[in-house]
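See below for the structure under consideration.
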Amino acid sequence: MGEDFTQQIRDKAKELLENGAVECVIGYETGSDGVSARPAFIYDAAEVDRLAFDNTCTHNLVKYLLDKKGKSTAVVVKGCDSRALNLLLSERQIQRDKVYVIGVVCPGVVEWGWNKRSEQLQKRCNWCRQHTPVVSDFAVGEPITEEPPAEFADVAEMATKTAEDRATFWRDQAERCIRCYACRQACPGCYCIDCFVELLDPEWVGIRIAPDENWMWNTIRAYHLGGRCISCNECERVCPVNIPLSLLNRKLEQEVLDLFDYKAGMSEDAPAPLITFKKDENLGIAE
Amino acid sequence: MSEDNSPLVIGFLCNWCSYAGADMAGTSRQAYPPNIRIMRVPCSGRVDPLLIVKCFEEGADAVLVAGCHPGDCHYTEGNYHGRRRFALLRDLLDFMGIEKERFRIEWISASEGKRFAKVVSEFTDEMTKLGPRKVG
């Protein structure tokens, strides 16, 4: 996989930069530890050999397109990342004709750290039902058409606990949170210029780093991505204190699937569930 | 939770139906528990989920959102939007340990004073039985 994918991405990037189709190619390169990948921004065709693709290419590069508004840019996406692209397109954050999508059929990414990599797939890859990008202008790899049905075992397990245990669990998580907002910064769906958490009037979340405030932040962060989260799980990966944010995101993903039969980022036209409604739905409210 | 251990319920009532319904309960001398603290909002669609989560963060035992019946919204579709948001939020809060029962959504029209009193009485009773929130 690695060599072949890398070569295809390099060739395409070279072609795009040489004929001036794009100003920048956002892809992956091997980091300075020589093992793990990091995002790479290539502006010059002579530098395309920096680009690489292997199973440590974990970052969701679509996030960077938000800084490239109006500029022609090529981006390397995996299956999950491609859904983020659709999300941003449907929310009119980026323009389709300014983005050239190099879609890689994702073999799954592994757990890695500085100067080391394991062979163990990341959690998200076990849940992943979208190895093939949903949108691409240039496809790398053989598309995978058959995916098993979605499963939510971790969410179901949490739901078997008592309410008090669940509250205690999330209380403990909130206690560990340092509100560094890495989860927000890594998330392609979190692009509000004025995030509610930083507003002073009204001050939704106090500046104090304490369980109450942290609980509020984590609850609303998850909720604001309800029906929008595309399960790239970057938020959880970048969390320095390892809060299982995927549990919240996946709970919402499951509910959105159950209530509205909707999966985020599958098309650029489908309206998000919370900006639309049906008159005759009940949703278990005020029966 | 107040000092005498009775639940603290925050009520968000829409200006056009439920708030008038509460008024109706008052003017027709229907008694209902004083546990509910009422906020008047323009529409149930105005009730930002942030407001509800903030109530729970600040220690409320329960939250009631009441608005016009579906189809009767003063702004045509505010309560339809609200309904979707609340359905999702209720599930998320339940998952985080705030029982579904603690967050109630009701449609109460301006003429349903009696029903408003009944809803608040029942809700308060239920919350007294459920007891205060144990964590958070």
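The values are calculated or read from the model by the stated rules, or taken from the named source; none is laboratory data. Keep in mind the model is a prediction, meaning the values are calculated, not measured. Note: ideal-geometry Cβ built from the backbone for every residue, glycine included; neighbour counts use all protein chains shown.
This table checks each residue for (1) out of contact with any helix residue (DSSP H, G or I) (no Cβ under 9 Å at 6 or more places or on another chain); (2) at pLDDT below 95.
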position	(1), (2)
A:Val101	no, no
A:Val104	no, no
A:Trp112	yes, yes
A:Glu119	yes, yes
A:Gln122	no, yes
A:Pro143	yes, yes
A:Pro148	yes, yes
Query raised in the report: Counting only residues that are without any contact (Cβ under 8 Å) to a residue 60 or more places away in the chain and within 16 Å of the chain's Cα centre (by Cα), how many does the stretch A:254-272 have?
Result: 1
Requested in this report: Mind listing whichever residues of the stretch A:108-151 are on the phi > 0 side of the Ramachandran plot and either assigned by TED's automatic domain parsing to the domain that holds A:Val238 or touching a strand residue (DSSP E or B) at 6+ places or on another chain (Cβ under 7 Å) (or both)?
Outcome: A:Gly108, A:Gly141
Requested in this report: Could you tell me which residue of the stretch A:251-268 is farthest from A:Ala167 (Cα to Cα), considering only residues that are crowded, with 23+ Cβ neighbours inside 10 Å and more than 10 Å from chain B (Cβ to nearest Cβ)?
Outcome: A:Gly265
Query raised in the report: Taking the stretch A:26-43 on its own, how many of its residues are without any contact (Cβ under 8 Å) to a residue 60 or more places away in the chain and closer than 24 Å to A:Leu85 by Cα?
Result: 11
Report summary line: Checking A:Asn214, A:Asn233 in turn, the sole residue that is over 26 Å from A:Arg92 (Cα atoms) and either surrounded by 23 or more Cβ atoms within 10 Å (Cβ to Cβ) or not assigned by TED's automatic domain parsing to the domain that holds A:Arg38 (or both) turns out to be A:Asn214
Query - For A:Glu164: the one exception among (1) within 14 Å of chain B (Cβ to nearest Cβ); (2) acidic (Asp, Glu); (3) over 29 Å from A:Pro240 (Cβ atoms) - result: (3)
Requested in this report: Among the numbered conditions (1) within 11 Å of chain B (Cβ to nearest Cβ); (2) touching a helix residue (DSSP H, G or I) at 6+ places or on another chain (Cβ under 9 Å), tell me where A:Glu203 comes up short.
Outcome: (2)
Query raised in the report: Taking helices (runs of 4 or more DSSP H) that do not extend beyond the stretch B:20-136, which have at least 1 residues that are closer than 17 Å to A:Ile220 by Cα, touching a residue at least 40 places away in the same chain (Cβ under 8 Å) and within 12 Å of chain A (Cβ to nearest Cβ)?
Result: B:49-57, B:78-95
Report task. Determine, yes or no, whether A:Lys279 is within 25 Å of B:Leu64 (Cα to Cα) and either assigned by TED's automatic domain parsing to the domain that holds A:Lys78 or surrounded by fewer than 13 Cβ atoms within 10 Å (Cβ to Cβ) (or both). Result -> yes
